[in-house]
1. Counting just the residues of the range 136-165 that are modelled with pLDDT under 90 and either of a type in the set (Val, Ile, Thr) or in contact with a Gly (Cβ under 9 Å, 6 or more places away or on another chain) (or both), which one comes out surrounded by the most Cβ atoms within 10 Å (Cβ to Cβ)?
2. Give me the strands (runs of 3 or more DSSP E) completely within the range 45-142, filtered to those with at least 2 residues that are in contact (Cβ under 8 Å) with a residue 60 or more places away in the chain and under 25 Å from Gly163 (Cα atoms), ordered by residue number.
3. Which residue pairs have Cβ atoms under 9 Å apart, sit 6 or more places apart or on different chains, and have a first residue in the range 156-172 that is in contact (Cβ under 8 Å) with a residue 24 or more places away in the chain and outside any strand (DSSP E or B) and a second that is loosely packed, with under 15 Cβ neighbours inside 10 Å and hydrophobic (A, V, I, L, M, F, W, C)?
4. Look through Glu133, Glu171 and report the one residue that is closer than 16 Å to Lys101 by Cβ, out of contact with any helix residue (DSSP H, G or I) (no Cβ under 8 Å at 6 or more places or on another chain), surrounded by fewer than 18 Cβ atoms within 10 Å (Cβ to Cβ) and of a type in the set (D, E, K, R).
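The values are calculated or read from the model by the stated rules, or taken from the named source; none is laboratory data. Predicted model only: the values in this text are computed from it and were never measured. Cβ placement follows ideal geometry from the backbone for every residue including glycine, while neighbour counts extend to all protein chains displayed.
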Amino acid sequence: MAKFFKKHWPLAGIGVLLAMVGFYLIQSQKEAIQKFVPIEIDSEEGLKLKNIHYTQDDPDERVKWVLDATEVTFSRDKRFIHFKDFQLKLEPENRPALELKGLKGVYDKQLETMTLNGNLRGRTDNGYTIITESAVYRQKQGDLENDDPVKITGPFFSVEGRGLYVNVEKEILVIRSNVTTSIDDDALIL
């Protein structure tokens with residue numbers, strides 16, 4: 001027996017060492033399981049991304065849109081997309097594009113609407129600017145709407161009022177109430 005032990009002692013030592021390592025691993029797993037306390041998250045947040053570029057280019061839709069934002073958060077059910085410090089470009093087919101910048105917004109994928117808020121500034125490809133506080137973009141209708149004070153400035157005039165309706169596909173623009181218009185004297189031909 002002594003001869004056998006002298007010949008195989010390195011293997012026996014490795015076996016004892018492996019048994020000890022296995023014992024400590026099993027014990028540490030039990031302790032980790034006992035110390036684990038589940039944390040419930042009350043927030044509706046899901047995935048959060050930084051500096052995104054998102055393009056909606058569905059051939060069935062009449063208006064393509066491109067969203068750039070510094071931060072985007074998806075709700076857990078993936079219905080809502082919350083975004084901050086954004087630039088949204090609405091590009092209707094064969095019409096001037098409208099680019100909007102603002103502080104925050106929410107896209108509802110089910111209703112296909114975007115609620116845009118915070119120091120909203122817009123510019124069209126044909127030289128008009130829009131200044132307002134918020135607006136709602138309805139993708140199916142291709143329109144942008146609000147009830148806030150709004151100012152629109154163009155190459156020859158400026159309009160201020162309350163309540164905005166813009167159909168980017170049909171190039172329709174309406175200020176609903178309290179309208180004041182200023183016309184550039186050089187543009188007025190009598």
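1. Gly154
2. Because the criterion is at least 2 residues that are in contact (Cβ under 8 Å) with a residue 60 or more places away in the chain and under 25 Å from Gly163 (Cα atoms), the strands (runs of 3 or more DSSP E) in the range 45-142 that meet it are 63-75, 80-92.
3. Phe156/Ile183; Phe156/Ala187; Phe156/Leu188
4. Working: Glu171 fails: closer than 16 Å to Lys101 by Cβ.
Going through Glu133, Glu171 in turn, just one is closer than 16 Å to Lys101 by Cβ, out of contact with any helix residue (DSSP H, G or I) (no Cβ under 8 Å at 6 or more places or on another chain), surrounded by fewer than 18 Cβ atoms within 10 Å (Cβ to Cβ) and of a type in the set (D, E, K, R): Glu133.
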